[in-house]
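The values are calculated or read from the model by the stated rules, or taken from the named source; none is laboratory data. Keep in mind that what you see is a predicted model, and the values were worked out from it rather than measured. Please note: Cβ atoms are built from the backbone with ideal geometry, for glycine as well, and neighbour counts cover all protein chains shown. Calculation scope for accessible area: heavy atoms of the full protein, side chains included, ligands and nucleic acids excluded. Shrake-Rupley method; radii C 1.70, N 1.55, O 1.52, S 1.80 Å.
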Amino acid sequence: MTGLITKDFLVMRKMLRSYLLMIVVYIILAYLDFFDYSFIITFVQVALSVLPISAFAYDEQSKWDRYAMSLPLGRSRVVGARYLFVLLLTLFTVAFGLAGTALLYLAHQADFLEMFVILMVSSAIGLLIPTILLPLSYKLGAERARPYLYAIVFIPVIAVVLLAKAGVLDMSMLKGMDLLAPTALAGGSALLPVAGLALLGVSYLISCRIAAGKEY
């Protein structure tokens, strides 16, 4: 299984290098107040959460998926390696977010609690994307599943904007979060990635079932 995870990192190494360079540039721009750091955290989470889907597409193009599913490891472990790849990317982005938040806090350029909440929310979003897309990729294939990515990202945003404009969704309730104790706010936001991990576990079971019954 370690070899399969390493293979994913090797396949995506060029894209990872590009993202790493982009992250460094954005951090510098955030420090110089050209970019809001909350945007950078969210961007990194969403961008890296799509990498497993890209790795899936490369596997299909090279016919690797047919070979991998015939390995003695078993299909569930092959699927598990892809999900572990997701978890490692998530750990990296959370570590990056915490490090960047700490640096900006020490430089007195960011509120630590606010950035922590944004990091937890974006981490949950970053987990939600592969949670939905990976089973669809195993079922439909990477290319046919890719349009669902835009639906996952854009439909909720558009729905919130339209509901807010129609007066159905009261955005002023978000201001009430300022009244919460910092520990309650931090603890509540920290539960979001935990919920994301639970959903990712359910997604893994669904993907295993799809892969077990699929002909390659």
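If I filter the range 72-92 for residues that are more than 21 Å from residue 206 (Cα to Cα), surrounded by fewer than 20 Cβ atoms within 10 Å (Cβ to Cβ), of a type in the set (A, V, I, L, M, F, W, C) and modelled with pLDDT of 75 or more, do I get at least one hit?
Yes - at least one qualifying residue is present in the range 72-92.
Just checking, which of 95, 47 is in contact (Cβ under 8 Å) with a residue 24 or more places away in the chain, in a helix (DSSP H, G or I) and of a type outside the set (Val, Ile, Thr)? Write out each step before concluding.
Values: 95 fails: in contact (Cβ under 8 Å) with a residue 24 or more places away in the chain.
47 is the lone residue from the list that is in contact (Cβ under 8 Å) with a residue 24 or more places away in the chain, in a helix (DSSP H, G or I) and of a type outside the set (Val, Ile, Thr).
Which ones in the range 8-30 are without any contact (Cβ under 8 Å) to a residue 24 or more places away in the chain and either under 30 Å from residue 70 (Cα atoms) or not in a helix (DSSP H, G or I) (or both)?
The answer is 10, 13, 14.
Would you mind telling me which numbered condition in (1) touching a residue at least 24 places away in the same chain (Cβ under 8 Å); (2) part of a loop (DSSP other than H, G, I, E, B); (3) open to solvent by less than 60 Å² (accessible area, probe 1.4 Å) residue 33 fails?
(3)
Condition test on residue 138, is it of a type in the set (Phe, Trp, Tyr), in a helix (DSSP H, G or I) and at pLDDT below 80? Step through it out loud before you land on a result.
On the way: of a type in the set (Phe, Trp, Tyr): yes; in a helix (DSSP H, G or I): yes; at pLDDT below 80: no.
It is false that residue 138 is of a type in the set (Phe, Trp, Tyr), in a helix (DSSP H, G or I) and at pLDDT below 80.
For (1) touching a Gly at 6+ places or on another chain (Cβ under 6 Å); (2) of a type in the set (A, V, I, L, M), each residue gets a yes or a no:
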residue	(1), (2)
13	no, no
16	no, yes
29	no, yes
45	yes, no
49	yes, no
55	no, yes
62	no, no
76	no, no
82	no, no
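Within the range 150-162, identify whether any single residue is surrounded by fewer than 14 Cβ atoms within 10 Å (Cβ to Cβ) and either among the small types (Gly, Ala, Ser) or at pLDDT 80 or above (or both), and answer yes or no.
Yes - at least one qualifying residue is present in the range 150-162.
What's the number of the only condition in (1) under 23 Å from residue 195 (Cα atoms); (2) in contact (Cβ under 8 Å) with a residue 60 or more places away in the chain; (3) out of contact with any helix residue (DSSP H, G or I) (no Cβ under 8 Å at 6 or more places or on another chain) that residue 80 fails to meet?
(3) is the only condition that residue 80 fails.
Can you confirm whether residue 56 is out of contact with any strand residue (DSSP E or B) (no Cβ under 8 Å at 6 or more places or on another chain), farther than 23 Å from residue 113 by Cβ and at pLDDT below 80?
Details: out of contact with any strand residue (DSSP E or B) (no Cβ under 8 Å at 6 or more places or on another chain): yes; farther than 23 Å from residue 113 by Cβ: yes; at pLDDT below 80: no.
No.
Name the residue that is nearest to the chain's Cα centre (by Cα), counting only residues in the range 36-45 that are surrounded by fewer than 18 Cβ atoms within 10 Å (Cβ to Cβ) and not charged (D, E, K, R).
Start the filter on the range 36-45 by keeping residues that are surrounded by fewer than 18 Cβ atoms within 10 Å (Cβ to Cβ), which leaves 36, 39, 43.
Next, from what is left, pick out any that are not charged (D, E, K, R): 39, 43.
Values: 39: 14, 43: 10 Å.
My answer is 43.
Under 8 Å between Cβ atoms, which residue pairs at least 6 apart in sequence (or on different chains) link something in the range 194-216 that is in contact (Cβ under 8 Å) with a residue 12 or more places away in the chain with a partner that is outside any loop (DSSP other than H, G, I, E, B) and surrounded by fewer than 13 Cβ atoms within 10 Å (Cβ to Cβ)?
Final answer for the pair search is 216/66.
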